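Inspection log for the structure reproduced underneath, given as structure tokens.
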Amino acid sequence: MIIVKSREEIELMRESALIVSKTLGMIASEIKEGVTTLYLDKLAETFIRDHGAEPSFLGLYGFPNSLCMSPNSQVVHGIPNNTPLKSGDVISVDCGAYKNGYHGDHAYSFEIGEVTPETKKLLQVTKESLYVGIRELKLGNRVEDVGNAIQKYTESHGYGVVRELVGHGVGQKMHEDPEMPNYGKKGRGKLFVEGMVVAIEPMINLGTRNIKQHKDGWTITTADGKPSAHFEHDVAIIDGKPEILSTFAYVYKALGIVSNEEDEFRREPIKL
């Protein structure tokens with residue numbers, strides 16, 4: 001069942017989402033060759049708590065850390081460790097924050113040093129597909145309209161769309177209805193309603209769409225060992241249209257990137 005949020009609840013969710021956005025911006029300033037993912041995880045936990053929130057992922061279903069950090073062929077749910085990052089790596093950083101009774105859930109894939117052109121393009125197309133999907137989150141559409149748009153866009157570039165892992169509703173619980181797959185057929189699935197909030201998160205592989213789960217019970221990798229990319233926003237339907245509650249603006253400020261990609265999905269600009 002889709003849990004509809006009031007405008008007041010959506011504003012509380014925006015606050016949680018922006019704490020995650022700020023955390024990813026802080027990570028963007030710290031992530032580089034030689035740094036370990038466990039070090040970044042500890043920074044994130046402290047940062048989230050210093051902003052009056054709790055790390056959503058820490059202890060969720062038994063997960064041991066505050067960040068899911070998934071480098072290279074890892075798709076999602078990577079466990080932070082003491083292995084230093086190296087030039088050429090790409091890494092998905094997925095983060096959650098819980099404040100005022102609501103979760104924010106948000107992810108960005110970072111480049112470490114010089115990555116290959118084909119991997120750089122994978123990240124670019126995957127991020128573009130996120131916005132392609134968000135445009136379909138509007139009254140009159142259904143769940144698989146979003147997934148179909150993401151699938152068509154990414155498969156047109158020859159990439160594999162992961163089937164076993166999906167986006168989701170978000171609110172007082174980290175995972176709510178509806179599931180938001182990154183594939184599907186137009187006109188199929190639950191009908192979108194005013195006030196719903198979902199996490200849309202394309203998980204796209206350079207090669208095969210097939211994945212495998214490791215013995216730790218968490219880590220998911222591509223079956224062929226090729227890189228994967230992952231980007232995620234929290235999005236609400238307000239006045240019948242999609243509005244992004246999270247932002248990559250803090251990441252872009254840290255990395256010196258200029259972008260207007262989110263402007264069409266905001267009533268008011270982000271104030272950093």
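The values are calculated or read from the model by the stated rules, or taken from the named source; none is laboratory data. Nothing here was measured: the structure is a model prediction, and the numbers come from that model. Every residue, glycine as well, gets a Cβ built from its backbone with ideal geometry; the counts of neighbours run over all protein chains shown. Side chains are part of the model used for accessible areas, which takes the heavy atoms of the whole protein and leaves out ligands, DNA and RNA. Shrake-Rupley method; radii C 1.70, N 1.55, O 1.52, S 1.80 Å.
Straight-distance candidates among the aspartates and glutamates for linking to Lys22, with alpha-carbon spacing under 15 Å and chain neighbours fewer than 8 residues away dropped: Glu30, Asp41, Glu45, Asp50, Glu54, Asp94, Asp105, Glu232, Asp234. The alpha carbons of the range 39-136 occupy a box of 41, 40, 23 Å along the principal axes, longest dimension given first. Computed over protein heavy atoms with a 1.4 Å probe, the carbon and sulfur contribution to the accessible area of the range 157-272 reaches 49%.
Run the dipole for the range 7-265 about the Cα centre, Lys and Arg Cβ at +1, Asp and Glu Cβ at -1, nothing else charged, and hand back the magnitude in debye, nearest 20.
620
Computed from backbone phi, the HN-Hα couplings of the range 138-149 come to 8, 4, x, 9, 10, 3, 6, 4, 5, x, 4, 5 Hz, rounded to whole numbers (Karplus: 6.51 cos²θ - 1.76 cosθ + 1.60, θ = phi - 60°; Gly and Pro given as x). When Rg and the Kirkwood radius Rh are both evaluated on Cα atoms of the chain, their ratio Rg/Rh stands at 0.93. Peptide packing: for 201-207, 73-79, 185-191, the average count of neighbouring Cβ atoms within 10 Å per residue gives the ranking 201-207, 73-79, 185-191, highest mean first. When Rg and the Kirkwood Rh are both derived from Cα coordinates, the Rg/Rh ratio for the range 175-261 amounts to 1.03.
Computed per residue of the chain from DSSP H runs no shorter than four, each worth -39500 (n - 2.57), the mean residue ellipticity at 222 nm is -9000 deg cm²/dmol.
The portion of the accessible surface of the range 39-86 made up by carbon and sulfur, rounded to a whole percent, is 53 (1.4 Å probe; DNA, RNA and ligands excluded).
Distance from the alpha carbon centroid of the range 44-60 to that of the range 98-171 works out to 24 angstrom. 3J(HN,Hα) along the range 124-130, derived from phi through the Karplus expression 6.51 cos²θ - 1.76 cosθ + 1.60 where θ = phi - 60°, amounts to 4, 5, 5, 5, 4, 5, 4 Hz, with x in place of Gly and Pro.
Here are some pairs, Lys127/Lys215; Lys186/Lys212; Lys42/Lys99; Lys173/Lys226; which of them have Cα atoms lying more than 21 Å apart in this structure? Violating the 21 Å Cα-Cα cut-off are Lys127/Lys215; Lys186/Lys212; Lys173/Lys226.
Ignoring ligands, DNA and RNA, what accessible area per residue does the range 1-109 give at 1.4 Å, in Å²? Per residue, the range 1-109 has 39 Å² of solvent-accessible surface.
In this simple spin-label approximation, Glu155 and Arg135 carry label points 7 Å from Cα along the Cα→Cβ vector, and these lie 1.9 nm apart. Remark: the range 147-272 carries 46 Å² of accessible area per residue (probe radius 1.4 Å; ligands, DNA and RNA excluded).
Can you sort Met180, Met26 by 1.4 Å-probe accessible area, starting with the largest? Don't skip to the answer; put the middle values down first.
On the way: Met180 5, Met26 35 Å².
Greatest to least solvent exposure: Met26, Met180.
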